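Take a look at the structure set out below.
The values are calculated or read from the model by the stated rules, or taken from the named source; none is laboratory data. Just so it is clear, the structure is predicted and the values come from calculations on it, not from any experiment. Every residue, glycine as well, gets a Cβ built from its backbone with ideal geometry; the counts of neighbours run over all protein chains shown.
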Amino acid sequence: MLRPIKAVLLILILSFPSFAYYANGTIRGFVSDSSNGEAIIFANIYLQEIHYGAATNNQGYYVLNGVPEGKHTLIVSYLGYQSKKLTVFVASGKITEVNLRLSPGTIQLDELTVSGKRISEPMDISMDKITSREIQLLPAAVEADPIRMMQISPGVTTTGDVTAKFFVRGGAGDQNAFLINGATLYYPFHAVGILSAIDPEIISSLEFSKGGFGPEYGGRLSSILNINTRDGNKNRLSATASATLLAGKLSLEGPIPGGSFIAAGRKSYYSGALKNFLRNDDVPFDFYDASVKLNYSNDAISSGSKFTLFGFFSGDLMDFEDPLREDYNISNQIYGVSWRKIWADPLYSIFNFSYSGYSADLDPNLGESKRRNNDISDVSANFDFSYVYSNKDQFDFGLQSKFLSTRLQIENLLGNTSEIEQSGSDINLFGKYRFLRWENYSFDIGIRTKLVALSEKRPFLIEPRLAMTYRVIPQVMFKFAYGRYSQEIIALSDENELISVFEPWIIIPPEIASMQSDHLIAGLTFILNEEISFETEYYYKSLINLNEINRKKFDYRFRDLINLDGEAYGAEFQFKYENPSFYSNIGYSLGWVHKINNGVRFAPRYDIRHSFNILSGAKLPFDFQFSANFQLRSGMPFTPIAGYFDHLNIIKNETFFNFNEFLPTTLRGRVNSQRLPYYHRLDLGLTKNISFGTSDLSLGINAINVYNRKNIFYFDPDTGEQINMLPALYTFFIRVKI
């Protein structure tokens, strides 16, 4: 074990930047939208004469190093924008700054349709880079939802229409990290998980890594959802208002001296819009979310710097008039500040400081539930650097630290309150060297070192990460990745609860081992041209020391949590066709998930064997846009009813125990040994766009479950009644931008 670790460390040390003299020059800069100044994410930058290119990152920044001295033709393109071509002179040993602004449009240069050119960097494995266009295409049962967009990605499963929560390649829901501008969002949902707390209007880029992610990310076993919000219109003051049957929202953005701002908020006003999700039960949901972002740049203060202040807030309240119904109150508060700096050498850095607070309170009132409360305080500081060599190689390194405290209060059946309060520091050092010097081959090698751990039974000290891509022929690329991952915090959830209202987060207790996983991924990507691509991936994940609630705890001598092992493996296929007038995304996945408890293997509820999805959209005449989404997947596992028996109900009075009452009780069979029937559903959407000078109006209607498929959600264990998911329903929205 030590030899591979030493080899990785040696390569990283030898690869550390030497800041040597460049035989060639460098081109770098930012790409932005000319209409509002927003960064254009993942735009293609291409040097025509030497067939060398790169892509902008999630800040709109690009760098082309090792460019031979002389004149070069620089071509910049992104779907939906007019491509730009210009001549750039590069001097040996010098850095040439080229900032580019693209105009919205559909004009494409002929040069960019040539097959086989290396336009951007090698694509990251198991990475979905989702645009706002794709989010708006998905027909919404209530509102456009960026997190529900994850559910159509191959390898991602869900347990029903009623929830936006998802599970990635056999991992539990708490194994997914949600990052918003670098800060952790612990509860990204509204209305017990029916929809997400992220307003799609504020999103600039959304990167979804389903596995094999690099050493710059840690703390989760399954996936990373990295959300960057918009900077705001740098050219003029503008406002957007929209409304659905459920909620209304308003945003305001515009320029400020040296930068820009954006502020957005959403508030629910009619909880009845969610009745179809909850069997026509009138649940008094009341929620809000708000975000604000300020950006400032001034070369006189710090050349090449950008300063950002960010805030995100959300709250959910369910307050029943019935005193026998339980109420809940959940809130998030995030504050962040970041400093982005482009140094004189081709060194790029981001320093990010953030606070993330989460609170959840469940009040039983006069009902039979018990009071529960959970609080989280997360203070994080990240220092990330990226250095590009003259030979095109890249070295990423950084220090990431977090101080986390969690508190959980639970009232037991006897009315006694217990409290679990833990705190600790999590400090990690990471480094990754990317060999990009070759035309058809790239190789990433990195490590993540845990200097200080949150949990007592700490995970791996060293987490190696490897990735490689090989361009077999110009149109075909082979990809491979291996990574070791660990997780030291968990959300306590009961898998038998189909709708979980209260899922408290805690640091893993000292008596329980931290969760660990190894990812092994391989795949092929076929890029036929600028519009058509096909991708297939195969994965295997070991799941070690999973934390589960101990269902056999009878008294204080038993632990609340136990460790289980497991594994997940499968195959995924995805086909994409995209041009300015039509979009189609077809995905299929085949997967297995097993948990192992004392040698007994069983499937969790999110073990979906087959999953097939088609999302398509088209621009129609007269500024209409049509979209359709079809889903087909095998049924969820469930635990059958084996029979019933009379259970002795012991009732304690003030002076004696009553042993005379027997209640009929369900006897369950083997855990998740049977499956529900296949699930399928068709959703349609139609949007009309109307322009009035500089103002825009959008009207939309969505038809959900068009043919009213009665998809089974569960069977009532007491009555045997079949409970179905969403029936056929229609939703409407209106959006105005001025």
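Here is how the numbers come out for the structure above:
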{"read-out": "Breaking point among (1) modelled with pLDDT under 90; (2) in contact with a strand residue (DSSP E or B) (Cβ under 9 Å, 6 or more places away or on another chain); (3) of a type outside the set (Lys, Arg), for Phe558", "value": "(2)"}
{"read-out": "Subset of the stretch 476-491 [within 30 Å of Asn373 (Cα to Cα) and either among the hydroxyl-bearing types (Ser, Thr, Tyr) or surrounded by 20 or more Cβ atoms within 10 Å (Cβ to Cβ) (or both)]", "value": "Tyr485, Ser486, Gln487, Glu488, Ile489, Ile490"}
{"read-out": "Test: Ser359 is within 23 Å of the chain's Cα centre (by Cα) and in contact (Cβ under 8 Å) with a residue 60 or more places away in the chain", "value": "no"}
{"read-out": "Checklist (1) closer than 25 Å to Phe351 by Cβ; (2) crowded, with 22+ Cβ neighbours inside 10 Å; (3) not small (Gly, Ala, Ser) applied to Gln175, failing item", "value": "(1)"}
{"read-out": "Which listed residue is at pLDDT below 90, farther than 27 Å from Glu535 by Cβ, among the small types (Gly, Ala, Ser) and not assigned by TED's automatic domain parsing to the domain that holds Ser581, from Gly182, Gly193", "value": "Gly193"}
{"read-out": "Test set (1) modelled with pLDDT of 80 or more; (2) outside any loop (DSSP other than H, G, I, E, B) - Leu10 fails condition number", "value": "(1)"}
{"read-out": "Where Val31 falls short, out of the listed (1) among the β-branched types (Val, Ile, Thr); (2) under 16 Å from Val63 (Cα atoms); (3) at pLDDT below 85", "value": "(3)"}
{"read-out": "Subset of the stretch 432-475 (residues that are surrounded by fewer than 18 Cβ atoms within 10 Å (Cβ to Cβ), under 19 Å from Leu221 (Cβ atoms) and basic (Lys, Arg))", "value": "Lys457, Arg458"}
{"read-out": "All positions within the stretch 588-613 that are β-branched (Val, Ile, Thr), crowded, with 17+ Cβ neighbours inside 10 Å and either in contact with a Pro (Cβ under 8 Å, 6 or more places away or on another chain) or more than 17 Å from Tyr539 (Cα to Cα) (or both)", "value": "Val593"}
{"read-out": "Test result for Asp231, at pLDDT 90 or above and assigned by TED's automatic domain parsing to the domain that holds Ser517", "value": "yes"}
{"read-out": "Listing of strands (runs of 3 or more DSSP E) fully contained in the stretch 424-494 that carry 2 or more residues being under 21 Å from Glu548 (Cα atoms) and in contact with a helix residue (DSSP H, G or I) (Cβ under 7 Å, 6 or more places away or on another chain)", "value": "489-491"}
{"read-out": "Unique match (being more than 30 Å from Asn724 (Cβ to Cβ) and either in contact (Cβ under 8 Å) with a residue 60 or more places away in the chain or within 28 Å of the chain's Cα centre (by Cα) (or both)) among Ala290, Ala300, Ala273", "value": "Ala290"}
{"read-out": "Matching residues, the stretch 671-728, being modelled with pLDDT under 90, hydroxyl-bearing (Ser, Thr, Tyr) and assigned to a strand (DSSP E or B)", "value": "Ser691, Ser695, Ser698, Tyr714"}
{"read-out": "Selection status of Asp282, within 28 Å of the chain's Cα centre (by Cα) and acidic (Asp, Glu)", "value": "no"}
{"read-out": "Hey, Asn440 at positive phi and modelled with pLDDT under 90 or not", "value": "no"}
{"read-out": "Within the stretch 669-715, considering residues that are touching a residue at least 40 places away in the same chain (Cβ under 8 Å) and among the basic types (Lys, Arg), the one farthest from Ile596 (Cα to Cα)", "value": "Lys688"}
{"read-out": "Any hit, the stretch 388-405, residues being under 15 Å from Tyr217 (Cα atoms), in contact with a Ser or Thr (Cβ under 6 Å, 6 or more places away or on another chain) and not aliphatic (A, V, I, L, M)", "value": "yes"}
{"read-out": "Test: Ser242 is in contact with a Lys or Arg (Cβ under 8 Å, 6 or more places away or on another chain), surrounded by 15 or more Cβ atoms within 10 Å (Cβ to Cβ) and in contact (Cβ under 8 Å) with a residue 12 or more places away in the chain", "value": "yes"}
{"read-out": "In the stretch 62-89, the residues that are closer than 18 Å to Arg437 by Cβ and surrounded by 18 or more Cβ atoms within 10 Å (Cβ to Cβ)", "value": "Tyr62, Val63, Leu64, Asn65, Gly66, Val67"}
{"read-out": "Test: Phe645 is surrounded by 10 or more Cβ atoms within 10 Å (Cβ to Cβ), of a type in the set (A, V, I, L, M, F, W, C), at pLDDT below 90 and under 37 Å from the mean Cα position of the chain (by Cα)", "value": "no"}
{"read-out": "Single unsatisfied condition, Leu195 versus (1) in contact (Cβ under 8 Å) with a residue 24 or more places away in the chain; (2) under 22 Å from Ser486 (Cα atoms)", "value": "(2)"}
{"read-out": "Selection count, the stretch 21-73, where residues are among the aromatic types (Phe, Trp, Tyr) and out of contact with any Ser or Thr (no Cβ under 9 Å at 6 or more places or on another chain)", "value": "2"}
{"read-out": "Any hit, the stretch 410-419, residues being assigned by TED's automatic domain parsing to the domain that holds Asp375 and buried (at least 17 other Cβ atoms within 10 Å of the Cβ)", "value": "yes"}
{"read-out": "The stretch 133-178, subset of a type in the set (S, T, N, Q) and in contact (Cβ under 8 Å) with a residue 40 or more places away in the chain, residue nearest to Thr536 (Cα to Cα)", "value": "Ser153"}
{"read-out": "Residue within the stretch 616-629 that is of a type in the set (A, V, I, L, M) and not in a strand (DSSP E or B) present", "value": "no"}
{"read-out": "Among residues of the stretch 307-337, those that are closer than 29 Å to Ala264 by Cα, surrounded by 15 or more Cβ atoms within 10 Å (Cβ to Cβ), without any contact (Cβ under 8 Å) to a residue 60 or more places away in the chain and among the charged types (D, E, K, R), counted", "value": "1"}
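Residue by residue, here is whether (1) modelled with pLDDT under 90; (2) closer than 24 Å to Tyr355 by Cβ; (3) in contact with a strand residue (DSSP E or B) (Cβ under 8 Å, 6 or more places away or on another chain); (4) in a strand (DSSP E or B) holds:
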site: Gly170; (1), (2), (3), (4): no, no, yes, no
site: Tyr187; (1), (2), (3), (4): no, yes, yes, no
site: Phe208; (1), (2), (3), (4): no, no, yes, yes
site: Tyr217; (1), (2), (3), (4): no, yes, yes, no
site: Ile227; (1), (2), (3), (4): no, yes, yes, yes
site: Lys249; (1), (2), (3), (4): no, no, yes, yes
site: Leu252; (1), (2), (3), (4): no, no, yes, yes
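Residue-by-condition table, conditions (1) at pLDDT below 75; (2) of a type in the set (Asp, Glu); (3) exposed (fewer than 15 other Cβ atoms within 10 Å of the Cβ); (4) not assigned by TED's automatic domain parsing to the domain that holds Met725:
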site	(1), (2), (3), (4)
Gln625	no, no, no, no
Asn629	no, no, no, no
Ile651	yes, no, yes, yes
Glu654	yes, yes, yes, yes
Pro664	yes, no, yes, yes
